[in-house]
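Everything below concerns the one structure shown next.
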Amino acid sequence: MSNGRRAQLGWRQRIQEDLLPRARQAATAACPGVLMVEFDWPNACFRAVVPDDLDCDDMVTSAIEAATGVGARIDGPPSYCFSLHVRRLPGLVRHTPVAAHFKPIPVQLAELVGLRTGLDTLKTLAERFPRCATFAMGGLPVMIDIAHAPEGIDLGTDKGQIAFDAAMNASHQRFHVHEGLLWKAKNPTPAFRFVEWLRSLPPNEELLIVDTTFSGGGIDRIVNVLLHTAMRPRVIEVHGLLDLSRSPIVKPAEVKQDAAGHVCSKLHGVPRLVTEDAAEIVGYDSARTVGGLDARWDSATLEVYDSGELLNIVGANNIAHTIGELLRAPASPTAKLAADMVPASMYLAILTQISNEHRRQSNGLEKARLAKLIDEDEWQRERTAIDKRFSALKAAAKRCYDRPRCDSRIASCRRS
């Protein structure tokens, strides 16, 4: 890129189109095993992901800094309590901005309680099986709920660290998340990759597969793949959480037998799958064409209702985490929010999100200035633009949460 063209670009575009390609080229030249190079906007530096068993951290950071003049840090691959069988690992979290219309996410207490019961059913089932698998995206919240990091281990000692690593390795062996069977990734397809994994399992070891579904079709699809796989565990059970708001009739369990063994499938009804097809609530987007996941944090206001009564209003900059907390401890049905507190509570919830995001963007801009990625004039212009945008958001929120609008929306939620 010519110096003239580079000077015309904004600083974010310069990083994307000029510095980031150079950082990636330099990192992989220094160490071909580098998995990913991204720009960490909140911290104004490059982030390279390197497998834990490679000793090339200094070479990679030095190469990136020499090629770009910008600092770099090294991370290992993301760690989960399950094995993630995707082709592209999640990178840095993408923050979704606060929306100008401030549309809240309404949920019913009965939906949370019912989903909690369904998750507990699958968790109890998983205790009986040496191996459990699911598919992104629907099954991801299920597996996050079932598989947990070991607790009560003192990581400050060598003995504790060894025990923790052993427990995590055992969890990775036991729990597995695969690409969605309908994802568009090719060469090979997700179904082919799943079948190859099935063939690698001990034939005498029982397997549990869990997922979620609007109609039951997803569970039927899994069963169909299993029955077309000659080499597989001889005993497989497939259990799905069924959204009763979409399909109110739960079909009876089915057992199908062939030469390879038997496959049992069963549906468990829940009032509504609040996580289904809701990336902001799951906390991930699916990169279906490349077989990957993108981590995301969404700002949103959550309103919890019970029999038409508003119980709670929560403003969150990571709505997936908030939903997870509510699923672990649903609100009390007796804790009704006083009517005269509703407008102020709604305004405070969105104001919290606006203030947190304003602080995050301002801090990121300041770090970019200190890293000399942005000059003083551009920094001043961007800081002014950020302040102006968030002042407008606060004013819009105040207009949005006047009493008539609040009353109208609550009435709408009661009718639904």
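Only the coordinates and a few stated rules stand behind these numbers; no lab work does. From a predicted model like this one, the values you see are computed outputs, not experimental measurements. Because the Cβ atoms are built from the backbone with ideal geometry, glycine has one as well, and the counts that use them run over all protein chains shown.
Taking other Cβ atoms within 10 Å as a rough exposure proxy, His268, His176 sort from fewest to most as His268, His176. Near His262: Cβ cut-off under 15 Å, other residues only, Lys/Arg at +1 and Asp/Glu at -1. The net charge is -1. By the beta-carbon count within 10 Å of each Cβ, the least crowded to most crowded order of Leu84, Leu242, fewest first, is Leu84, Leu242.
Relative contact order for the chain: 17 percent, from Cα pairs under 8 Å spaced at least 6 residues apart, divided by residue count. Its relative contact order, with pairs defined as Cα atoms under 8 Å and 6+ residues apart, puts segment 108-270 at 22 percent.
Around Val34, which amide H atoms from residues at least 5 apart in sequence, or from another chain, sit under 5 Å from its own amide H, with H modelled in the peptide plane? Amide H neighbours of Val34: none. Rounded to the nearest 500, the helix-only mean residue ellipticity at 222 nm of the chain stands at -13500 deg cm²/dmol, with each DSSP H run of n ≥ 4 adding -39,500 (n - 2.57). Restricting attention to the chain, close to 35% of DSSP beta bridges with both partner residues there are antiparallel. Amide H to amide H, with H built 1.01 Å from N, Ala287 comes under 5 Å of Gly292, Leu293, Asp294, counting only residues 5 or more places away or on other chains. For Leu310, the residues whose modelled amide H falls within less than 5 Å of its own, excluding neighbours fewer than 5 places apart on the same chain, are Leu337.
Taking square-rooted eigenvalues a ≥ b ≥ c of the alpha carbon gyration tensor, is the chain rounded, prolate or oblate, where a/c under 1.5 means rounded and, failing that, a/b exceeding b/c means prolate? Oblate shape, in that a/c is at least 1.5 and b/c is the bigger or equal ratio.
Stokes-Einstein diffusion of segment 254-381 at 37 °C, 0.692 mPa s viscosity, Kirkwood radius from Cα pairs, rounded to a whole number: 174 µm²/s. The ranking of Thr301, Thr157, Thr96 from fewest to most other beta carbons within 10 Å of each one's beta carbon is Thr157, Thr96, Thr301.
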